[in-house]
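Following: one structure in structure tokens, then a few remarks.
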Amino acid sequence: MNNYFVIGNPIVHSLSPVIHNHWFRKYNIEGHYEKRKLEEEDLKNFINDIRNNKNINGANITVPFKKKIINFLDELSSAAQTTQSVNTIVKKNGKIIGHNTDVSAFNETIKNYIKNKFDNKSLNSLIIGAGGVTSSVISSLVNLNNINNTLYIMNRTKKKAEDLVLSGLTSASKRPNVLDWGDIPQNLDIVINTTSVGLVKDESLNLDFSNYKGTNNTLFYDLIYNPKETNFLTDAKKRGNQIKNGQMMFLLQAKHAFHLWTNIDVEIDNEVLKLVDQ
Ligand code: ATR
């Protein structure tokens, strides 16, 4: 049996086991996937377990370990290296390799949205947070072709956002502007919540958008997919803005992880959508 895990804390929200076990069954692969709640001090042993147990083949890494896991890995893919963020681990020829499938997953969802909604070639985006997945969002947005991008970032702990934008993620000319917490610019096209706030139902970001006078076209995008509608999205909907949750990004990062493990290019069909739409 090939065993796979998703590790995080909290982990109760994760639908990764539902999706990957569905694909193992559908494609007749002898595999089993489960979630594990870990503490930071468990990370080293977890990677040693993968290294030493021939029945464990890989893992997904989620909040808050996407950066912290890197210390224990042998190699990084180029996306993982650039973002210093790992969401997928592959065991290959005895080596434990960290990959990042969040960048391409976010990229595909945002490209589709922009294509359908925005004719103009300029985009003002506000990124909220500076945690493990934020570098993937920045890396994707700065590399959008033919788009004149202005990026803003704010994080409760401003220093972390400052360190992130100086970390070599972008060239100096494309560096996001770091704002004070709550200093919300007008005329934004996209506002993205990359924090973990909302994973626990009814949690709210302490940010006041009531004076935000953007167009109705402004998209509020929460990377959280479970719950399906966080307070960040509910409030935006009440203000008349567009909303999008992280469901498609979640499915795409899972699809790319599954491909790394099995070489199978899975379909995101209605059956899969129904599984995550619970
Ligand atoms: P880490 O912070 O260890 O990288 P993460 O889960 O990947 O872990 O990131 C959590 C993100 O959610 C951070 O941006 C964090 O802000 P801080 O850097 O100030 O901690 C943000 N976050 C968590 N709780 C928050 C809250 N109550 N209000 C605002 N932001 C919060």
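The values are calculated or read from the model by the stated rules, or taken from the named source; none is laboratory data. Keep in mind that what you see is a predicted model, and the values were worked out from it rather than measured. All Cβ positions, even for glycine, are placed from backbone atoms using ideal geometry, and neighbour counts span all protein chains on display. Heavy atoms of the whole protein, side chains included, go into the accessibility calculation; ligands, DNA and RNA do not. Shrake-Rupley method; radii C 1.70, N 1.55, O 1.52, S 1.80 Å.
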## Note on the structure
Flagged pairs (Cβ under 9 angstrom, 6 or more apart or on separate chains; first in segment 53-67, more than 19 Å from His20 (Cα to Cα); second of a type in the set (Asp, Glu) and open to solvent by 50 Å² or more (accessible area, probe 1.4 Å)) are Pro64/Glu40; Phe65/Glu40
### Summary
Exception for Leu144 within (1) part of a loop (DSSP other than H, G, I, E, B); (2) open to solvent by less than 70 Å² (accessible area, probe 1.4 Å); (3) at pLDDT 90 or above falls at (3)
### Query
Which condition breaks for Asp235 when tested against (1) over 26 Å from Lys274 (Cβ atoms); (2) in contact (Cβ under 8 Å) with a residue 24 or more places away in the chain; (3) open to solvent by 60 Å² or more (accessible area, probe 1.4 Å); (4) more than 16 Å from the ligand (Cβ to nearest atom)?
(4)
### Query
Got a sec? Which helices (runs of 4 or more DSSP H) wholly within segment 7-94 have at least 2 residues that are modelled with pLDDT of 95 or more, under 25 Å from Leu273 (Cβ atoms) and away from the ligand (no atom under 16 Å from the Cβ)?
16-26
### Summary
The residue that is surrounded by the most Cβ atoms within 10 Å (Cβ to Cβ), considering only those in segment 205-224 that are at pLDDT below 95 and within 16 Å of the ligand (Cβ to nearest atom), is Phe209
### Task
Report yes if some residue within segment 116-131 is within 16 Å of the ligand (Cβ to nearest atom), open to solvent by less than 40 Å² (accessible area, probe 1.4 Å) and of a type in the set (Phe, Trp, Tyr); otherwise report no.
no
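Hey, can you tell me all the residues within segment 160-177 that are within 14 Å of the ligand (Cβ to nearest atom), open to solvent by 40 Å² or more (accessible area, probe 1.4 Å) and either more than 17 Å from Lys66 (Cα to Cα) or among the acidic types (Asp, Glu) (or both)?
Glu162, Asp163
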